[in-house]
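One structure is given below, encoded as structure tokens.
The values are calculated or read from the model by the stated rules, or taken from the named source; none is laboratory data. Predicted model only: the values in this text are computed from it and were never measured. Backbone-built Cβ (ideal geometry, glycine too); neighbour counts: all protein chains shown. For accessibility, only protein heavy atoms count, side chains too; no ligands or nucleic acids. Shrake-Rupley method; radii C 1.70, N 1.55, O 1.52, S 1.80 Å.
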Amino acid sequence: MAKGTPSITCDNLTAVQLMELDACTRCGECVKWCPTYDASGQEPGLAPRDKILRWREFMNKSYGLRARLFGPKEISDEEIDLFKTDVYSCTTCGMCGTVCESGINTIELWECMRANLVERGNGPYGKQNMFLKLITEYHNPYMMDPKARLDWVPPDVTIADKAEYLYFGGCTAEYRQKKLAFATARVLNKLGIDFCMLGEDEWCCCSALIRTGQHEKEEIARRAARANVEAIKKTGATKILYACAGCYRTSIVDWPRLLGEELPFEIIHIAEFLEDLIKQDKIKWEASVDKTVTYHDPCHLGRHVGIYDPPRYVLDNIPGVKFIEMDRIKENQRCCGAGGGVKAGIPDLALGVAETRVQDALKKNPDILSSACPFCKRNLSDGRDSLGAKELEVEDIIVLVAEALGIPLDDCVET
Ligand code: SF4
Ligand code: SF4
């Protein structure tokens, strides 16, 4: 860094965010709730308060009164490296912002700090740096052939060429957790809902890139959002269905922000859609799911966008389901540990958080720990396996809906 040049920039922070840095009163409420701080064995650097105070100090060294009078004070590479590890050891779950009495929007603050580090060549973290290359080349993060997006579709599933509804499958359901795609498509078919899909025109929603601060790199997230929006417009669909909480959050919050425009279609999570159909008495159940089920709110569906009740309504209405709550739910839910790129970048930390969340569920002794997001399902399953809690089933709510509609899914092979 040339002498006289600030070590960090403040270009990507809004005036509100700069004020938020000053608004932290050091009360420590956020520290009590942070799942990664907890799972790390209460490593001080991971505490949300500590990260805010350190960034505030970085800003002061670079732009404070002393910096203006005598020139910016250098921030050592060691300090930046340590900060990088701590700021990426965060699932961007938003729990800290929920309890913050100063009302700091921590999710956006963490993402801006990460983008800042990416810009100066320090971020992202570990394997997260593969996202950009893979999404640019394959339009998905799994190095899969874009033309194979719909290879999962079984012969009995009907996908329309044009329809009012479009199912945005998402990379994870289409290439990895295919049971989620099978269940969603078969449920829609069974309910007589015509839907189309984008197939090879679908790009990754870019959630992982945005959460890890890489979205401005080569404008990839903006290009992907534009490609998806234009492809959806071409189909004529006006109602877009999502069974992945990550894709849903990214489409409804990030795409309009990246593109600087309102989306010309409605974004609907499958839980909201099913809740409406149940209320209109349009679902005829065919089987009973005689299980005790609890529900884990995905951060991307819950705290990030405020959808808490529809999945509970659906579960409560499935015949035979005895629905029970864990102690920490809705806005106070404990994160599964997979988000914010932590699963890819710091898998041990992701597993530690998942184990704690599975223990939350085990306290209530359910048969099934359900969620509405493939990343939660994957990480909670890993946590369950690592705890050896074989008796606990981890499943998506749409799979339980399929079962109650008498839809078989045993022909689905996950890869
Ligand atoms: S967003 Fe979640 S993981 Fe990140 S610092 Fe806040 S509480 Fe901790
Ligand atoms: S809860 Fe808010 S004000 Fe209190 S220490 Fe955390 S970030 Fe600062």
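Residues that are touching a residue at least 12 places away in the same chain (Cβ under 8 Å) and within 16 Å of ligand 2 (Cβ to nearest atom): does the stretch 62-77 have at least one?
Step one: list which residues in the stretch 62-77 are touching a residue at least 12 places away in the same chain (Cβ under 8 Å), which gives 62-63, 67, 71-75.
Narrowing further to those that are within 16 Å of ligand 2 (Cβ to nearest atom): none.
No, because not a single residue in the stretch 62-77 is touching a residue at least 12 places away in the same chain (Cβ under 8 Å) and within 16 Å of ligand 2 (Cβ to nearest atom).
Tell me, please, whether a residue that is charged (D, E, K, R), within 29 Å of TRP110 (Cα to Cα) and surrounded by 23 or more Cβ atoms within 10 Å (Cβ to Cβ) can be found in the stretch 187-203. It would help to see each step written out before you state the result.
Narrowing the stretch 187-203 to residues charged (D, E, K, R): 190, 194, 200-202.
Among the residues that remain, those that are also within 29 Å of TRP110 (Cα to Cα) are: 202.
Filter once more, so that each one left must be surrounded by 23 or more Cβ atoms within 10 Å (Cβ to Cβ): 202.
Scanning the stretch 187-203, I find at least one residue that is charged (D, E, K, R), within 29 Å of TRP110 (Cα to Cα) and surrounded by 23 or more Cβ atoms within 10 Å (Cβ to Cβ), so the answer is yes.
With a cut-off of at least 1 residues that are within 22 Å of the chain's Cα centre (by Cα) and either in the same structural domain as TRP110 (by TED's automatic domain parsing) or hydroxyl-bearing (Ser, Thr, Tyr) (or both), name the helices (runs of 4 or more DSSP H) lying wholly within the stretch 307-403. Working first, answer last.
Details: elements: 309-317, 342-345, 347-362, 374-387.
In the stretch 307-403, 309-317, 347-362, 374-387 are the helices (runs of 4 or more DSSP H) which contain 1 or more residues that are within 22 Å of the chain's Cα centre (by Cα) and either in the same structural domain as TRP110 (by TED's automatic domain parsing) or hydroxyl-bearing (Ser, Thr, Tyr) (or both).
Working only within the stretch 17-30, note down all residues that are of a type outside the set (Lys, Arg) and in contact (Cβ under 8 Å) with a residue 24 or more places away in the chain.
Quick first cut of the stretch 17-30, residues of a type outside the set (Lys, Arg) only: 17-25, 27-30.
Result: GLN17, LEU18, GLU20, LEU21, ASP22, ALA23, CYS24, THR25, CYS27, GLU29, CYS30.
Out of all the residues in the stretch 338-365, which are open to solvent by 10 Å² or more (accessible area, probe 1.4 Å) and closer than 25 Å to GLU272 by Cα?
Across the stretch 338-365, the qualifying residues are ALA338, GLY339.
Those residues that are among the charged types (D, E, K, R) and more than 14 Å from ligand 1 (Cβ to nearest atom), I need them from the stretch 3-23; list them, please.
Looking only at the stretch 3-23, we keep the residues that are among the charged types (D, E, K, R), and these are 3, 11, 20, 22.
Matches in the stretch 3-23: LYS3, ASP11, ASP22.
If you check every pair at least six apart or on different chains, which have Cβ atoms under 7 Å apart with a residue in the stretch 103-132 that is open to solvent by 30 Å² or more (accessible area, probe 1.4 Å) and part of a loop (DSSP other than H, G, I, E, B) first and a residue that is acidic (Asp, Glu) and within 16 Å of ligand 2 (Cβ to nearest atom) second?
Filtered contacts from the stretch 103-132: ASN105/GLU20.
Considering every residue within the stretch 13-26, establish whether at least one is closer than 22 Å to ARG334 by Cα, hydroxyl-bearing (Ser, Thr, Tyr), within 16 Å of ligand 2 (Cβ to nearest atom) and outside the structural domain of CYS336 (by TED's automatic domain parsing).
No, the stretch 13-26 has no match at all.
Please enumerate the residues belonging to the stretch 320-337 that are open to solvent by 20 Å² or more (accessible area, probe 1.4 Å) and in contact with an Asp or Glu (Cβ under 7 Å, 6 or more places away or on another chain).
Across the stretch 320-337, the qualifying residues are GLY320, PHE323, ASP327, ARG328, ILE329, LYS330, ARG334.
Report whether or not THR98 is within 17 Å of the chain's Cα centre (by Cα), at positive phi and either within 16 Å of ligand 1 (Cβ to nearest atom) or surrounded by fewer than 18 Cβ atoms within 10 Å (Cβ to Cβ) (or both). Don't jump to the end; show me each part of the working.
Details: within 17 Å of the chain's Cα centre (by Cα): yes; at positive phi: no; either within 16 Å of ligand 1 (Cβ to nearest atom) or surrounded by fewer than 18 Cβ atoms within 10 Å (Cβ to Cβ) (or both): yes.
It is false that THR98 is within 17 Å of the chain's Cα centre (by Cα), at positive phi and either within 16 Å of ligand 1 (Cβ to nearest atom) or surrounded by fewer than 18 Cβ atoms within 10 Å (Cβ to Cβ) (or both).
With respect to VAL358, is the statement that it is aliphatic (A, V, I, L, M), under 22 Å from THR172 (Cβ atoms) and in contact (Cβ under 8 Å) with a residue 40 or more places away in the chain true? Break it down stepwise before answering.
Details: aliphatic (A, V, I, L, M): yes; under 22 Å from THR172 (Cβ atoms): yes; in contact (Cβ under 8 Å) with a residue 40 or more places away in the chain: no.
So VAL358 fails the test.
Would you check if there is a residue in the stretch 78-87 being open to solvent by less than 50 Å² (accessible area, probe 1.4 Å), free of Cβ contacts under 8 Å to residues at least 24 places away in the same chain and out of contact with any helix residue (DSSP H, G or I) (no Cβ under 7 Å at 6 or more places or on another chain)?
no
So for the stretch 377-392 (the condition being touching a residue at least 40 places away in the same chain (Cβ under 8 Å), open to solvent by 20 Å² or more (accessible area, probe 1.4 Å) and farther than 24 Å from TYR175 by Cβ), does at least one residue qualify?
So in the stretch 377-392, the residues touching a residue at least 40 places away in the same chain (Cβ under 8 Å) come out as 377-380, 383.
Keeping just the survivors that are open to solvent by 20 Å² or more (accessible area, probe 1.4 Å) gives 377-378.
Add one more test, that the residue is farther than 24 Å from TYR175 by Cβ, and what stays is none.
No, every residue in the stretch 377-392 fails to be touching a residue at least 40 places away in the same chain (Cβ under 8 Å), open to solvent by 20 Å² or more (accessible area, probe 1.4 Å) and farther than 24 Å from TYR175 by Cβ.
May I ask you to list pairs of residues, at least six apart or on different chains, whose Cβ atoms are under 8 Å apart, with the first in the stretch 33-57 being away from ligand 1 (no atom under 11 Å from the Cβ) and the second being assigned to a loop (DSSP other than H, G, I, E, B) and not polar (S, T, N, Q)?
As it stands, the answer is LEU53/CYS24; LEU53/ARG26; ARG56/CYS24, since those pairs meet every condition given.
Kindly indicate which of ARG68, ARG26 is within 16 Å of ligand 1 (Cβ to nearest atom) and open to solvent by 90 Å² or more (accessible area, probe 1.4 Å). Even if it seems obvious, please write down each step before you answer.
Working: ARG68 fails: within 16 Å of ligand 1 (Cβ to nearest atom).
Every option except ARG26 fails the conditions.
Taking the options ARG222, ARG303, name whichever one is more than 25 Å from ILE397 (Cβ to Cβ) and either open to solvent by 60 Å² or more (accessible area, probe 1.4 Å) or among the basic types (Lys, Arg) (or both).
Values: ARG303 fails: more than 25 Å from ILE397 (Cβ to Cβ).
That would be ARG222, the only listed residue that is more than 25 Å from ILE397 (Cβ to Cβ) and either open to solvent by 60 Å² or more (accessible area, probe 1.4 Å) or among the basic types (Lys, Arg) (or both).
Only residues that are in a helix (DSSP H, G or I) and either open to solvent by 20 Å² or more (accessible area, probe 1.4 Å) or within 13 Å of ligand 2 (Cβ to nearest atom) (or both): list them for the stretch 30-45, please. Walk me through it before giving the result.
Of the residues in the stretch 30-45, the ones in a helix (DSSP H, G or I) are 30-33, 35-39, 44-45.
Of everything in the stretch 30-45, those that are in a helix (DSSP H, G or I) and either open to solvent by 20 Å² or more (accessible area, probe 1.4 Å) or within 13 Å of ligand 2 (Cβ to nearest atom) (or both) turn out to be CYS30, VAL31, LYS32, TRP33, TYR37, ASP38, ALA39, PRO44.
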